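Below is one structure, written out as structure tokens; the observations come after it.
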Amino acid sequence: MAMKLKYPLSRLYPWGYRTLFGVLSVLGRRPKHPQRGKGEGADKMKEIKQVGCVFCDGGCLLAAEVDSEDIKLRPLNPKTPAICPKALALDEYRDHPDRLTVPLKNIGKRGEPRWEEISWEQALDEIAERLTAVIGQYGPQALGVSEMVLNHGFGALTRRLMNALGAPNYLAPVELCMGNTAQVCRTTFGYYVASLWDKADLVVYFGQNRGPERWPAEYLKLKAAQERGAKLIVIDPRRSETAERCTCQAS
């Protein structure tokens, strides 16, 4: 049975719906600040923002120094100086000539795409119109969404939108990664727990490899735990960087 919407889709969940798409329009653009001189007081006008890196699901915490020209990143906590080349390549990613910062609509034929820049208002309205038509004809079960969840708060905005529409088909990489870990934790302990690196005497890694460029924050915590005397067991057929640090490897 087709689902009847009381309000247009664009207004059904306005802040989440528009935030989800609107964040794409401004993500990584150079800050719009007035021109700042190099004279007295220039340094005082720099902004320091606490941010989380989203280039992987390690989510390292960083301090971003923002001025009128660029953004400089450094680890937020000097005691855990976690930062890797992915975050340091921010300018290359942000200023890449092929990076999309505005909506593009395909106005060409199938197999012969021709892209035309449109406004965010037009893009949102057309998406809402098409989704409403699909739901009206086939029901909300015909809608499926897949996303990289870390950028959007682990899927909170998208899931709320899909709940409002009644659509159950949600897919994300978490089902292949942290979701499995969470399920093991729930089965074993009854809930999902964070690692207590400052108390652990034994660390066991199943197929995991941590290093300065792969989850650097966890790598530094693992390194500190080992320096404190914790033992590391690695279950992995590969001779990885983490395996080189382990007390015992089972392959």
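The values are calculated or read from the model by the stated rules, or taken from the named source; none is laboratory data. This is a predicted model, so every value here is computed, not measured. Neighbour counts are summed over all protein chains in view; Cβ atoms, including those assigned to glycine, are modelled from backbone coordinates with ideal geometry.
For region 106-140, residues that are surrounded by 13 or more Cβ atoms within 10 Å (Cβ to Cβ) and in a loop (DSSP other than H, G, I, E, B) total 2.
The rows are residues; the columns are (1) farther than 28 Å from LEU157 by Cα; (2) under 17 Å from the mean Cα position of the chain (by Cα); (3) of a type outside the set (Val, Ile, Thr); (4) at pLDDT below 50.
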{"residue": "LEU12", "(1), (2), (3), (4)": "no, no, yes, yes"}
{"residue": "ARG18", "(1), (2), (3), (4)": "no, no, yes, yes"}
{"residue": "GLN35", "(1), (2), (3), (4)": "yes, no, yes, yes"}
{"residue": "GLY39", "(1), (2), (3), (4)": "yes, no, yes, yes"}
{"residue": "ILE71", "(1), (2), (3), (4)": "no, no, no, no"}
{"residue": "PRO78", "(1), (2), (3), (4)": "yes, no, yes, no"}
{"residue": "LEU90", "(1), (2), (3), (4)": "no, yes, yes, no"}
{"residue": "ILE118", "(1), (2), (3), (4)": "no, no, no, no"}
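When ALA225 is tested against the conditions (1) crowded, with 16+ Cβ neighbours inside 10 Å; (2) within 25 Å of the chain's Cα centre (by Cα); (3) of a type in the set (A, V, I, L, M); (4) part of a helix (DSSP H, G or I), the lone failure is (2). Determine whether LYS86 is under 25 Å from the mean Cα position of the chain (by Cα), closer than 24 Å to GLY211 by Cβ, among the charged types (D, E, K, R) and surrounded by 12 or more Cβ atoms within 10 Å (Cβ to Cβ). Yes; evaluated as a whole, the condition is true for this residue.
Criterion first (at pLDDT 85 or above and either surrounded by 13 or more Cβ atoms within 10 Å (Cβ to Cβ) or over 30 Å from GLN208 (Cα atoms) (or both)) does THR101 satisfy it? Here the answer is yes, as THR101 does meet what is asked. As a summary of the residue check, VAL234 satisfies the conditions (1) in contact with a helix residue (DSSP H, G or I) (Cβ under 8 Å, 6 or more places away or on another chain); (2) surrounded by fewer than 17 Cβ atoms within 10 Å (Cβ to Cβ); (3) farther than 19 Å from GLY59 by Cβ except for the one numbered (2). The set of residues from region 172-196 being surrounded by fewer than 17 Cβ atoms within 10 Å (Cβ to Cβ), touching a helix residue (DSSP H, G or I) at 6+ places or on another chain (Cβ under 7 Å) and hydrophobic (A, V, I, L, M, F, W, C) comprises just one member, VAL193. Within the set ASN169, ASN209, the sole residue that is modelled with pLDDT of 85 or more and outside the structural domain of ASP236 (by TED's automatic domain parsing) turns out to be ASN169. Checking each residue in region 46-105 for being basic (Lys, Arg), assigned to a strand (DSSP E or B) and closer than 29 Å to GLU117 by Cα picks out only LYS105. Confirm whether SER25 is polar (S, T, N, Q), closer than 24 Å to ASP125 by Cβ, at pLDDT below 55 and within 23 Å of the chain's Cα centre (by Cα). When the stated conditions are applied, SER25 passes them.
Restricting attention to region 59-98, the residues that are over 13 Å from GLU218 (Cα atoms) and of a type in the set (Val, Ile, Thr) add up to 2.
Candidates in region 141-156 are the residues that are at pLDDT below 85 and in a helix (DSSP H, G or I); of these, the one that is surrounded by the fewest Cβ atoms within 10 Å (Cβ to Cβ) is ALA156.
Looking only at region 177-212, count how many residues are part of a strand (DSSP E or B) and hydrophobic (A, V, I, L, M, F, W, C). Of the residues in region 177-212, 4 are part of a strand (DSSP E or B) and hydrophobic (A, V, I, L, M, F, W, C).
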